[in-house]
Amino acid sequence: MENWFVLAHPDKIDTPALLVYRDRVARNIDLMVKTAGDASRLIPHVKTHKMREVVEMQLDKGIRRFKCATIAEAEMLALAGASAVLVAYQLNGPKIDRYLELVGKYPRIVWSSIVDNIDSARALAGKAQQRNVHASVFLDIDSGMHRTGIPPEDALELARDIKSIKNLRLLGLHAYDGHIRDTDFATRTERAEAAMRPVRELARKMTAEGFDEPLIIAGGTPTFTVHAKHKDLWCSPGTCVFSDHGYGSQLKEQHFQPAVVLMTRVVSRPGPGLVTTDLGHKSVAAENPIDKRIFFLNLEGYEVVSQSEEHLVIRVPEGREPEIGAVLYGLPYHVCPSVALHDEAIIIVDGEEVDVWPVLARRRSIGV
């Protein structure tokens, strides 16, 4: 459908607005399950959508385990009915107390977090002991991104130390390869496979030493189609539930559909060949260069020339400037931080608004 994004009654929606096309989300979830081969191999990240309703859609498709980065996201998952929640962020300071409060409040959930050093492990264990609970952890492995994690060659010693700590239970290995996002699938595959080899060797050594066979959680959306081929891995894609123009234009072997559109209006025509819309920094992620923030679906031959907090200035061919009040629809290049700028999403089915979903976990705290 060429103009799938066009609304039947755009005049009823104020801008800038976050539009979520529910049927496309459903198809993306179906494709996630199909790619993994079985919903039980999925532990999708919720950072992209931060919405309880999307989690409920995934639960309806048989997905039970989820990954998150914040305590608010973890609580949102608990409220939605997730069976297992991995907080893929090393917990320190008050986050430990907030996390353990969730563990106590929702005992039916299998909770876990990640650690990459003994001090953080001991801090978590100490707080868990005070509450008379056990804390489950995955070793966070640095598989080349150099953001967090312990090198796989050093991780066996940490695993031994954790095994000796009361109130800690080691479940497996977490290996996020977010640095691997080559457009060429063969190159991406080669790099992802190479990054996983030392992780698998670590798992083999752990098993040989008497550890329970470690679960391995691997990758994100770019390497999902690589790791999905290996049945010993759990896959944790996130962005693909909504997709965006960034990954959509890079990951050609994947067929996830863009399911989020940012709707904006022309508010000024400051000069010949110039139009200004209300899509500023506070409505679309602005970490990319100016030409890699929004891709307009119903505007041709344009160039984004500047952006401020509440304005986006676009150059178009003279004589073809959209009228004041004209509605433009755009795909964000990076959907995750774009969604997090909005309090709510307007849900679209067949061009009509059917619901409004709160972006619940954009908050730093919900109840805990």
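Within region 192-235, the residues that satisfy the criterion of being outside any helix (DSSP H, G or I) and acidic (D, E) are E209, D212, E213, D232. Restricting G172, G144, G178 to residues that are part of a strand (DSSP E or B) and within 27 Å of the chain's Cα centre (by Cα) narrows the list to G172.
I'd like to check something: does region 35-43 contain any residue that is over 20 Å from T225 (Cβ atoms), assigned by TED's automatic domain parsing to the domain that holds S112, within 16 Å of the chain's Cα centre (by Cα) and of a type in the set (V, I, T)? Among the residues of region 35-43, not one is over 20 Å from T225 (Cβ atoms), assigned by TED's automatic domain parsing to the domain that holds S112, within 16 Å of the chain's Cα centre (by Cα) and of a type in the set (V, I, T), which makes the answer no. Every test in (1) without any contact (Cβ under 8 Å) to a residue 40 or more places away in the chain; (2) within 20 Å of L215 (Cα to Cα); (3) acidic (D, E) is passed by D116 save one, and that test is (1). Residues of region 1-42 that are among the hydrophobic types (A, V, I, L, M, F, W, C), closer than 30 Å to T277 by Cβ and without any contact (Cβ under 8 Å) to a residue 60 or more places away in the chain: M1, W4, A26.
Taking region 289-307 as the range and being part of a strand (DSSP E or B), of a type outside the set (S, T, N, Q) and crowded, with 17+ Cβ neighbours inside 10 Å as the test, the residues that pass are I294, F295, F296, V304. Per the listing T183, T189, the residue uniquely in the same structural domain as S40 (by TED's automatic domain parsing), surrounded by fewer than 15 Cβ atoms within 10 Å (Cβ to Cβ) and either modelled with pLDDT of 95 or more or of a type in the set (K, R) (or both) is T183. Residues that are within 26 Å of V226 (Cβ to Cβ) and of a type in the set (F, W, Y): does region 91-103 have at least one? Checked against the condition, which is being within 26 Å of V226 (Cβ to Cβ) and of a type in the set (F, W, Y), region 91-103 yields no hits at all.
Out of K47, K67, one residue alone is crowded, with 21+ Cβ neighbours inside 10 Å and of a type in the set (K, R). It is K67.
I need the full set of residues from region 328-349 which are more than 12 Å from V261 (Cα to Cα) and assigned to a loop (DSSP other than H, G, I, E, B), in order please. A340, L341, H342, D343 - these are the residues of region 328-349 that are more than 12 Å from V261 (Cα to Cα) and assigned to a loop (DSSP other than H, G, I, E, B). Can you go through G319, G351, G330 and tell me which one is more than 27 Å from C68 (Cβ to Cβ) and at pLDDT below 95? The conditions single out G319.
The residue that is nearest to P10 (Cα to Cα), among those in region 267-289 that are over 17 Å from the mean Cα position of the chain (by Cα) and of a type in the set (D, E, K, R), is D278.
Filtering region 308-325 for residues that are hydroxyl-bearing (S, T, Y) and surrounded by fewer than 18 Cβ atoms within 10 Å (Cβ to Cβ) leaves a non-empty set.
Residues checked against (1) touching a residue at least 60 places away in the same chain (Cβ under 8 Å); (2) more than 18 Å from R24 (Cα to Cα); (3) among the aliphatic types (A, V, I, L, M):
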residue	(1), (2), (3)
G271	no, yes, no
L279	yes, yes, yes
I290	no, yes, yes
Y302	no, yes, no
P322	no, yes, no
I366	yes, yes, yes
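Of the strands (runs of 3 or more DSSP E) lying entirely inside region 1-120, those containing at least 2 residues that are under 20 Å from H334 (Cα atoms) span 17-21, 65-68. For region 126-166, which positions are within 29 Å of L79 (Cα to Cα) and surrounded by fewer than 20 Cβ atoms within 10 Å (Cβ to Cβ)? Answer for region 126-166, where residues must be within 29 Å of L79 (Cα to Cα) and surrounded by fewer than 20 Cβ atoms within 10 Å (Cβ to Cβ): G126, K127, Q129, Q130, R131, N132, V133, H134, S136, T148. Could you list all residues from region 111-139 that are among the aromatic types (F, W, Y) and under 10 Å from L100 (Cβ atoms)? Answer for region 111-139, where residues must be among the aromatic types (F, W, Y) and under 10 Å from L100 (Cβ atoms): just W111. In region 240-266, of all residues being surrounded by fewer than 17 Cβ atoms within 10 Å (Cβ to Cβ) and more than 16 Å from the chain's Cα centre (by Cα), the one that is nearest to D182 (Cα to Cα) corresponds to Q250. Pairing residues of region 43-59 that are of a type in the set (G, A, S) with residues that are buried (at least 24 other Cβ atoms within 10 Å of the Cβ) and in a loop (DSSP other than H, G, I, E, B), at Cβ distances under 6 Å and at least 6 apart in sequence or on separate chains, gives no pairs at all.
Are any residues in region 152-169 assigned to a loop (DSSP other than H, G, I, E, B), touching a residue at least 12 places away in the same chain (Cβ under 8 Å) and not charged (D, E, K, R), and if so, which ones? Residues satisfying the conditions are I165, N167. Of all the criteria given as (1) at negative phi; (2) assigned to a loop (DSSP other than H, G, I, E, B), the one not satisfied by G325 is (1).
The values are calculated or read from the model by the stated rules, or taken from the named source; none is laboratory data. As the structure is a prediction and not an experimental result, all values here were calculated from the model. So basically every Cβ, Gly included, is an ideal-geometry build from the backbone, and we count neighbours across all protein chains shown.
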